[in-house]
């Protein structure tokens, strides 16, 4: 694991993986969750991870966390809010159609994949993105919800660190703020398997086959949205 932010040290969250990245928090409120703490974020919240080479992951990437959105992103502008954004490198986003997007960047362009499942507002969901150098995958509640073939080498050009609960722009400045709660934000410099993701969600009958309609184009939050009510 390259980064572990579990919010047990609120109001000043810490990275639990040495060498630890410095994390600064502004307008972030601790909330009880399963005998632990989660972080509640508002439109003015900022959670920044300092620039660190351990997040310069060019392949074999996993981002996973628990999220409980309380506001649907606006259907104008970027039509998304950031869950995790390593500037100019990789992102996990919550979109205006309530799907989850995984995106990776190189020096020129980017590839993305959207989940078929939609998140239910006010419910806890486990979300994850993995990349193995050949396929970009997105998971919701333990189930594989989208695949995109790509061999893109992820850029390491970002110098502003990473944002949790927002997208990061030049400056650095924050935009596309997530509103709701986040917990157990983890980044790995290896590709977790579908079975691994299923266990992190809590087990059960998890399908690790790429959906037939999966692509890098926006899915519109299609026919698997019924899984969105399976929050923890």
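Looking at the stretch 54-61, is at least one residue assigned to a strand (DSSP E or B) and within 25 Å of residue 199 (Cα to Cα)? Checked the stretch 54-61: at least one residue is assigned to a strand (DSSP E or B) and within 25 Å of residue 199 (Cα to Cα). Can you tell me which residues in the stretch 200-214 are over 16 Å from residue 147 (Cα atoms) and either touching a helix residue (DSSP H, G or I) at 6+ places or on another chain (Cβ under 7 Å) or touching a residue at least 40 places away in the same chain (Cβ under 8 Å) (or both)? If the condition is that a residue be over 16 Å from residue 147 (Cα atoms) and either touching a helix residue (DSSP H, G or I) at 6+ places or on another chain (Cβ under 7 Å) or touching a residue at least 40 places away in the same chain (Cβ under 8 Å) (or both), then 200, 201, 202, 203, 204 are the ones that fit.
The residues on offer are 171, 165, 216, 231, and the sole one that is closer than 29 Å to residue 27 by Cα, surrounded by 15 or more Cβ atoms within 10 Å (Cβ to Cβ) and at pLDDT below 95 is 231.
Note on the stretch 43-53: residues that are surrounded by fewer than 16 Cβ atoms within 10 Å (Cβ to Cβ) and either assigned to a loop (DSSP other than H, G, I, E, B) or in contact with a strand residue (DSSP E or B) (Cβ under 6 Å, 6 or more places away or on another chain) (or both) total 2.
Quick one: which residue in 69, 73 is within 18 Å of residue 128 (Cβ to Cβ), at pLDDT 95 or above and buried (at least 17 other Cβ atoms within 10 Å of the Cβ)? Break it down into steps so the answer makes sense when it comes.
Details: 73 fails: within 18 Å of residue 128 (Cβ to Cβ).
Being within 18 Å of residue 128 (Cβ to Cβ), at pLDDT 95 or above and buried (at least 17 other Cβ atoms within 10 Å of the Cβ) holds for just one of 69, 73, which is 69.
Each row is one residue, and each column tells you yes or no for (1) over 19 Å from residue 195 (Cα atoms); (2) surrounded by 24 or more Cβ atoms within 10 Å (Cβ to Cβ); (3) modelled with pLDDT of 95 or more; (4) over 15 Å from the mean Cα position of the chain (by Cα).
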position: 107; (1), (2), (3), (4): yes, no, no, yes
position: 128; (1), (2), (3), (4): no, yes, yes, no
position: 131; (1), (2), (3), (4): no, yes, yes, no
position: 134; (1), (2), (3), (4): no, no, yes, yes
position: 139; (1), (2), (3), (4): no, yes, yes, no
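Taking (1) at pLDDT 95 or above; (2) out of contact with any helix residue (DSSP H, G or I) (no Cβ under 9 Å at 6 or more places or on another chain); (3) closer than 19 Å to residue 105 by Cβ; (4) surrounded by 15 or more Cβ atoms within 10 Å (Cβ to Cβ) in turn, residue 151 satisfies each apart from (4).
Answer with yes or no whether residue 181 is outside any loop (DSSP other than H, G, I, E, B) and either under 29 Å from residue 8 (Cα atoms) or modelled with pLDDT of 95 or more (or both).
Values: outside any loop (DSSP other than H, G, I, E, B): yes; either under 29 Å from residue 8 (Cα atoms) or modelled with pLDDT of 95 or more (or both): yes.
Yes.
The values are calculated or read from the model by the stated rules, or taken from the named source; none is laboratory data. Everything numeric in this text was worked out from a predicted model, so none of it was measured. Every residue, glycine among them, receives a Cβ derived from its backbone with ideal geometry; neighbour counts consider all protein chains shown.
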